[in-house]
1. Given the options 183, 174, 218, 214, name the one that is modelled with pLDDT under 95 and over 16 Å from the mean Cα position of the chain (by Cα).
2. Out of the range 27-42, which residues are more than 18 Å from the chain's Cα centre (by Cα) and within 18 Å of residue 91 (Cα to Cα)?
3. Quick one: how many residues across the range 16-33 are assigned to a loop (DSSP other than H, G, I, E, B) and free of Cβ contacts under 8 Å to residues at least 60 places away in the same chain?
4. With respect to residue 108, is the statement that it is in a loop (DSSP other than H, G, I, E, B) and in contact (Cβ under 8 Å) with a residue 40 or more places away in the chain true?
5. Kindly provide the set of residues from the range 50-68 that are within 15 Å of residue 39 (Cβ to Cβ), more than 17 Å from the chain's Cα centre (by Cα) and either touching a residue at least 24 places away in the same chain (Cβ under 8 Å) or part of a helix (DSSP H, G or I) (or both), ordered by number.
6. Quick one: would you say residue 163 is crowded, with 20+ Cβ neighbours inside 10 Å and within 21 Å of residue 103 (Cα to Cα)?
């Protein structure tokens, strides 16, 4: 049975992991008969947002504590992630990916990836194991893996331009589509980067996991 690591960025689309994306990703793994282990950084969120009003709140929350709301099977600090323990590494989306795992939300193409997240991605790439990301999270790959091909949904957007400015390639995708970079073993799907329903997001997550498993089967053969 294949086992994947899933890195979360809190809980809630405005300041953490997008809940629908995270849950459909975990559900998709189970439906493909895969095991998973969730991880998250053990540090304060960059900011806390009132999801009712959209306004910033004058309080502090911890990323892994918030992400634990989503990880029913338990969650570990990202420092404990080892690529050798898993068949692949996955990210759901949400603004937490762009605020807590990196600072794309504030700096765009000039973003920096948090060192613990960068270490996990680079270690997985060096181990030649597949990675996947939903929604805005593919910017992590765009920054760290020169020449990678990813999708953030629509072409002709500032986000697509930022991907290219970071030295990556961007492709247009629709609901349920998966952008597969078969050389770097990176798989991405747009999720809520498009105007989407939960079913649309689920289709993308399910198809992304399926594409990764097909690649793993081909490598084994």
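The values are calculated or read from the model by the stated rules, or taken from the named source; none is laboratory data. Treat the numbers as computed from the prediction; the structure is a model and nothing was measured. In this analysis, Cβ positions are derived from the backbone assuming ideal geometry, glycine residues included, and neighbour counts consider all displayed protein chains.
1. Selected residue: 218, the only one of 183, 174, 218, 214 that is modelled with pLDDT under 95 and over 16 Å from the mean Cα position of the chain (by Cα).
2. 31, 32
3. 1
4. Judged against the criteria, residue 108 is not a match.
5. Answer for the range 50-68, where residues must be within 15 Å of residue 39 (Cβ to Cβ), more than 17 Å from the chain's Cα centre (by Cα) and either touching a residue at least 24 places away in the same chain (Cβ under 8 Å) or part of a helix (DSSP H, G or I) (or both): just 65.
6. Against the criterion (crowded, with 20+ Cβ neighbours inside 10 Å and within 21 Å of residue 103 (Cα to Cα)), residue 163 qualifies.
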